[in-house]
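To start, the structure itself, in structure tokens.
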Amino acid sequence: MRTLLVVGSFALQPLLWLAILRSWLTSRSRVAHERHDFSSAVYSDHYELRHMLTQGVILGVGLSILTLIVGFSLPLNWILIYEALASLSLLILPTTVLPITLLVVTTLLAGVLGSSWLPVFDLQTLGLSTADVPATNFAWLFVIAFLGLGHWVAHYGGRFDSPRIYAKQRGKRIAGYPWRELLVVPVVTLVPGDWFVQGGLSWWPMLNLHGQTFAVLFLPLLLGVRFTVFREVPKAVYRHLSRQILVLAGLAVVLLGWLLWRPQDLPIGVIVLLVCYGWCLWQAKRYDHRQSFWYSQVDDGVRVLAIRPGTPANKLDLAAGDIILECNHRAVNSETAFYEALLQNPTYCHLRVRNMAGDLKVTETAIYSGAPHEIGIVLFRDQEG
């Protein structure tokens, strides 16, 4: 029963609800941009919110098993600072919170403030001081964060290719594929001290390990990436990025071993991890920019930007970046020309396509009778005037 109460207490944390609100606003903004750029949404469902509520929990179960195996613990002052900074960033920052930056800043602040930031209490007794937790535990925190983030990027990065129209490139409009998803991962954490009991929460589950008292708490760990792909296949960029993030998890393990010998090097170690994380993002951006390809308008056809799920276009052998040269044996070079060609045979679609590698292919499928606009192929809209 006590365990269920702790699980339920996770749902009462303000950070969780702020993240839900932020994810919903991000989803609304995406749908609004899709409707503005393409007349209707590419993905009309709020998949960002769905992922946060489902995949965050699934990932949390896996990471919590790891934390329980290693006996992972964090001081309460770190948790309070983290939740305050994370909540503040969700409220005032115009972009998705940078999860690793938040972890580093919290760790540095908790170490600098030490046991003097709440002089009313005896923090050492209550378990609020960072001195109650070995420095290696903070290295474990980054191992957990990088493992979770790497797994998330590998499996969901580029999974939903939602295009957005950006400024012109050499007289042509270009499309990019932004990713703005955010996860709240409930991670089981041990908190040293009996602050919960002294605070009147006598029902809270407590553990006694090696003569020390610990409370069990679900930490709402924020994970997310803010990234936009302009030239490469999005999934390829995120696979590249995820491998580098998982390497950072290995680097955090190396830091853990180092801190066993020199725990005073924790501030330098977490700053090094942050710099390496920034370097990984920069490398992923360079990996995308090295490609000569752009998701841009073309003169000798129409560029495919996305395929709407649940439409006839899902049966066509098409991918974002392909160029449709002919539709129903008619050459097309605009959205209007494409739909006019579809009307030549309102129940069938025959396409001649050139893919990103320059290879030609032919594909065809049945379509909704008399409804060519519901075929589900997302193209650049014709410019008015």
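Between region 295-352 and region 210-268, the alpha-carbon centres lie 42 Å apart.
Annotation for ILE20 and HIS289: the two label points, set 7 Å from Cα along the Cα-Cβ direction, are 4.0 nm apart. Taking each of LYS235/LYS315; LYS168/LYS285; LYS172/LYS361 in turn, the alpha-carbon distance tops 23 angstrom for LYS172/LYS361.
Could you give the length gained on full extension between ASP299 and VAL272, defined as 0.36 nm per residue of separation minus the Cα-Cα distance, in nm? Display every interim value, and only then the final one.
On the way: separation 27, 0.36 × 27 = 9.72 nm, distance 4.77 nm.
Length gained between ASP299 and VAL272: 5.0 nm.
If N is the number of residues in region 5-109, what value comes out of its Cα radius of gyration divided by 2.2 N^0.38 Å?
1.28
In the full protein context, region 254-375 carries 52 Å² of accessible surface per residue, based on a 1.4 Å probe and ignoring ligands, DNA and RNA.
Between the listed residues ALA252, VAL216, GLN264, the Cα displaced farthest toward the positive end of the dipole of region 211-286, a dipole computed from Cβ unit charges relative to the Cα centre, is found at ALA252.
Dipole of region 212-336, Cα-centred, from +1 at each Lys and Arg C-beta and -1 at each Asp and Glu C-beta, to the nearest 20 debye?
Details: 13 positive and 9 negative charges, 67 e Å.
Computed charge dipole of region 212-336: roughly 320 debye.
Given axes a ≥ b ≥ c from the Cα gyration tensor, I'd like to know whether region 276-329 is rounded (a/c under 1.5), prolate (a/b larger than b/c) or oblate. Oblate, since a/c reaches 1.5 and b/c is not below a/b. Each of TRP279 and MET356 was given a label point 7 Å from its Cα along the Cα-to-Cβ line. The distance between the two points is 2.7 nm.
Accessible surface calculations at 1.4 Å, restricted to protein heavy atoms, place region 138-185 at 34 Å² per residue. At R0 = 51 Å, how high is the FRET efficiency between THR336 and ARG262 if r is their beta carbon distance? Nearest 0.05 is fine. The formula returns an efficiency of 0.15 here.
The values are calculated or read from the model by the stated rules, or taken from the named source; none is laboratory data. Note that the structure is predicted; figures quoted are calculated from it, not measured. Don't worry about glycine lacking a Cβ; one is built from the backbone with ideal geometry, like all the others, and counts go over all protein chains shown. What goes into the accessible areas is simple: the full protein's heavy atoms, side chains included, and nothing from ligands, DNA or RNA. Shrake-Rupley method; radii C 1.70, N 1.55, O 1.52, S 1.80 Å.
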